[in-house]
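**Q** Quick one: the structure is below, and I'll ask about it shortly.
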Amino acid sequence: MENETLFTEEAEPPGSSTGLVGIENYTDDILTAYNTLLNPSVIKTKGVQYVFRFKESPRTRAFRKRFYPEVTSLEWSNWYWQYVNRIKDVDALSQFIWLSEDERNAMSPHEGSIPVAITPYYASLLDEFDSAQPLRRMVVPVTGEQHRSAVEADDPLGEEHDSPVPGIVHRYPDRVLFLVTDTCSAYCRYCTRSRMVGSHGRAISSTDAWEGAIEYIEANTQIRDVLLSGGDPLTLSDEKLEWLLGRLRKIAHVEILRIGTKMPVVLPQRITPKLTYMLKRFHPLWMSIHVNHPDELTPEMSQACTRLANAGIPLGSQTVLLSKINDDVETMKRLVLGLLKIRVKPYYLYQCDPIPGSSHFRTPVKAGLDIIEGLRGHTTGYAVPTYVIDAPGGGGKIPLIPDYAVGRDGNDLMLRNYEGNIYRYPDCQLSQTDNP
Ligand code: SF4
């Protein structure tokens, strides 16, 4: 048992609020799991009661006390409570922040393809007055989402073209993307899968719906790597996720499993000891965490990543380059160095995909190259992600790096280092290596 998950019960009494709002609208996963809210994990030993609970940062605690005075820290740290109480419309959101006219117009009524949902935890990180705050821009819609430009497409990466069976995207030879749900705990306004998130519900996250995809993986022996994505696979119940991982683990040629998730960022309470205990059984299991801004690196997120890392799960980050959110060296440096401190390797920096209504998020490619240039050599190599464009039309990820090879002089390769100094490297010619 991890010591960091044990907290003595506070003097605060149990809340009377169940926090259930419109529960009939939720999936079976959430409904089943929610039952444990009333029976949280409690350990009694020598007269002292311990509960599994999340640490709460001072900012988040102050938010809870102000806006959810009836909700105890125990309820707040329960991921089902967070999920069921997500903020989804203009009336609810305007109770927490002063919406700009543009935000209000975008939400009443909301017309874009991406639903609105913000967990109370993530809402606690939003600036109350500043609509330009990076975290706020990532989850609160603006009217720019409704303007589709000529270069934008519903499925810019051509995933549906590379889908041999429902739920599977098979683009690269030895690995597949398995879209196991369309549900997320919070919806990002720039989501690559805006065409599908939040629209199908149970239809794609049932074990029946997964059968065809599992059979496809079983039949294609070159698949050694399965990446579970969606939507967010960690919105599934522990039981259903365990079932799926168990089925995939039985396939002899599947060497590694991966999960792509934003839960540690928007709902870190999801990373329970029970979840990590279950995930450990399916190693080698890797996890990619979608994180974009250093202000998302809270004590709560740190605790979630600590639990995952302590379960032996290698963690990488996936970051989307977003205009006026993280498109400068200083912000990105704070992010990548902060990630290393919580044992997350900065993995990919993505150019924002041209989904409909994304022009206010997209940056020139030069911004990404400048960031890589500002990191490489200036800080730890582990901190430097690979900058990629996922090629429109289904070309896959194409890495971009600043030009460090600046030319040739005879057999010598002329190289530029991170300080701009030029160095000469005596390159081997093929004929020399062939005829020593
Ligand atoms: S968490 Fe991922 S799948 Fe869900 S809305 Fe954000 S980017 Fe899209």
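The values are calculated or read from the model by the stated rules, or taken from the named source; none is laboratory data. These numbers come from a predicted model, not from an experiment. When we count neighbours, we look across all protein chains shown, and the Cβ atoms used for this are built from the backbone with ideal geometry, even at glycine.
**Q** If you check every pair at least six apart or on different chains, which have Cβ atoms under 7 Å apart with a residue in segment 231-243 that is in the same structural domain as residue 267 (by TED's automatic domain parsing) first and a residue that is near the ligand (Cβ under 10 Å from one of its atoms) and of a type in the set (A, V, I, L, M, F, W, C) second?
**A** Here the result reads 231/179; 231/184; 231/197; 232/184; 232/263; 234/263; 235/184, each pair linking segment 231-243 to a residue that is near the ligand (Cβ under 10 Å from one of its atoms) and of a type in the set (A, V, I, L, M, F, W, C).
**Q** I would also like to ask the following. Just to be sure I understand, how many residues within segment 127-160 are in a loop (DSSP other than H, G, I, E, B), buried (at least 21 other Cβ atoms within 10 Å of the Cβ) and either charged (D, E, K, R) or in the same structural domain as residue 97 (by TED's automatic domain parsing) (or both)?
**A** Selection size over segment 127-160: 0.
**Q** From the list 226, 265, 254, which one is within 16 Å of the ligand (Cβ to nearest atom) and at pLDDT 95 or above? I'd like the intermediate steps shown before the answer.
**A** Numbers: 226 fails: within 16 Å of the ligand (Cβ to nearest atom); 254 fails: within 16 Å of the ligand (Cβ to nearest atom).
Step by step, each of 226, 265, 254 is checked, and only 265 is within 16 Å of the ligand (Cβ to nearest atom) and at pLDDT 95 or above.
**Q** Here is a further query. Just to verify a result, which residue in segment 201-218, among those that are in contact (Cβ under 8 Å) with a residue 60 or more places away in the chain and surrounded by fewer than 22 Cβ atoms within 10 Å (Cβ to Cβ), is nearest to the ligand (Cβ to nearest atom)? Break it down stepwise before answering.
**A** The first filter runs over segment 201-218 and keeps only residues in contact (Cβ under 8 Å) with a residue 60 or more places away in the chain, leaving 201-202, 205.
After this cut, where a residue has to be surrounded by fewer than 22 Cβ atoms within 10 Å (Cβ to Cβ) as well, the list is 201-202.
Details: 201: 14, 202: 17 Å.
Filtering segment 201-218 for residues that are in contact (Cβ under 8 Å) with a residue 60 or more places away in the chain and surrounded by fewer than 22 Cβ atoms within 10 Å (Cβ to Cβ), the one nearest to the ligand (Cβ to nearest atom) comes out as 201.
**Q** Restricting to segment 150-160, what's the tally of residues that are touching a Gly at 6+ places or on another chain (Cβ under 7 Å) and within 14 Å of the ligand (Cβ to nearest atom)?
**A** Counting residues in segment 150-160 that are touching a Gly at 6+ places or on another chain (Cβ under 7 Å) and within 14 Å of the ligand (Cβ to nearest atom) gives 1.
**Q** Let me ask something additional. Return yes when residue 194 is within 16 Å of residue 248 (Cβ to Cβ), surrounded by 19 or more Cβ atoms within 10 Å (Cβ to Cβ) and of a type in the set (Ser, Thr, Tyr) and no when it is not. Working first, answer last.
**A** Working: within 16 Å of residue 248 (Cβ to Cβ): no; surrounded by 19 or more Cβ atoms within 10 Å (Cβ to Cβ): yes; of a type in the set (Ser, Thr, Tyr): yes.
The answer is no for residue 194.
**Q** Please find, among 346, 399, the residue that is free of Cβ contacts under 8 Å to residues at least 40 places away in the same chain, crowded, with 18+ Cβ neighbours inside 10 Å, in contact with a strand residue (DSSP E or B) (Cβ under 7 Å, 6 or more places away or on another chain) and not hydrophobic (A, V, I, L, M, F, W, C).
**A** On the way: 399 fails: crowded, with 18+ Cβ neighbours inside 10 Å.
So the residue among 346, 399 that is free of Cβ contacts under 8 Å to residues at least 40 places away in the same chain, crowded, with 18+ Cβ neighbours inside 10 Å, in contact with a strand residue (DSSP E or B) (Cβ under 7 Å, 6 or more places away or on another chain) and not hydrophobic (A, V, I, L, M, F, W, C) is 346.
**Q** Here is a list of conditions, (1) more than 10 Å from the ligand (Cβ to nearest atom); (2) in contact with a strand residue (DSSP E or B) (Cβ under 7 Å, 6 or more places away or on another chain); (3) closer than 29 Å to residue 76 by Cβ, and residue 240 meets all of them except one; can you say which number that is?
**A** (2)
For every residue, the table says whether it meets (1) touching a Cys at 6+ places or on another chain (Cβ under 6 Å); (2) within 14 Å of the ligand (Cβ to nearest atom); (3) of a type in the set (Ser, Thr, Tyr); (4) not assigned by TED's automatic domain parsing to the domain that holds residue 361.
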position: 162; (1), (2), (3), (4): no, no, no, yes
position: 172; (1), (2), (3), (4): no, no, yes, no
position: 175; (1), (2), (3), (4): no, no, no, no
position: 178; (1), (2), (3), (4): no, yes, no, no
position: 181; (1), (2), (3), (4): no, yes, yes, no
position: 191; (1), (2), (3), (4): no, yes, no, no
position: 199; (1), (2), (3), (4): no, yes, yes, no
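**Q** Hey, another quick one. Given the conditions (1) in the same structural domain as residue 292 (by TED's automatic domain parsing); (2) out of contact with any Pro (no Cβ under 6 Å at 6 or more places or on another chain), report the number of the one that residue 386 does not fulfil.
**A** (2)
**Q** Within segment 406-429, is even one residue farther than 25 Å from residue 159 by Cβ, assigned to a helix (DSSP H, G or I) and modelled with pLDDT of 95 or more? Walk me through it before giving the result.
**A** Step one: filter segment 406-429 for residues farther than 25 Å from residue 159 by Cβ, giving 406-429.
Restricting the remaining residues to those that are assigned to a helix (DSSP H, G or I) gives none.
Checked segment 406-429: no residue is farther than 25 Å from residue 159 by Cβ, assigned to a helix (DSSP H, G or I) and modelled with pLDDT of 95 or more.
**Q** Could I ask something else about it? Within segment 351-359, is there a residue that is in contact (Cβ under 8 Å) with a residue 24 or more places away in the chain and outside the structural domain of residue 306 (by TED's automatic domain parsing)? Step through it out loud before you land on a result.
**A** Just the residues of segment 351-359 that are in contact (Cβ under 8 Å) with a residue 24 or more places away in the chain, to begin with: 351-359.
Next cut, outside the structural domain of residue 306 (by TED's automatic domain parsing) only: none.
No, because not a single residue in segment 351-359 is in contact (Cβ under 8 Å) with a residue 24 or more places away in the chain and outside the structural domain of residue 306 (by TED's automatic domain parsing).
**Q** When you scan segment 48-114 for helices (runs of 4 or more DSSP H) that lie fully inside it, which ones turn up with 3 or more residues that are among the aromatic types (Phe, Trp, Tyr)?
**A** Numbers: elements: 58-67, 73-76, 79-84, 90-93, 101-107.
Here the list reads 79-84.
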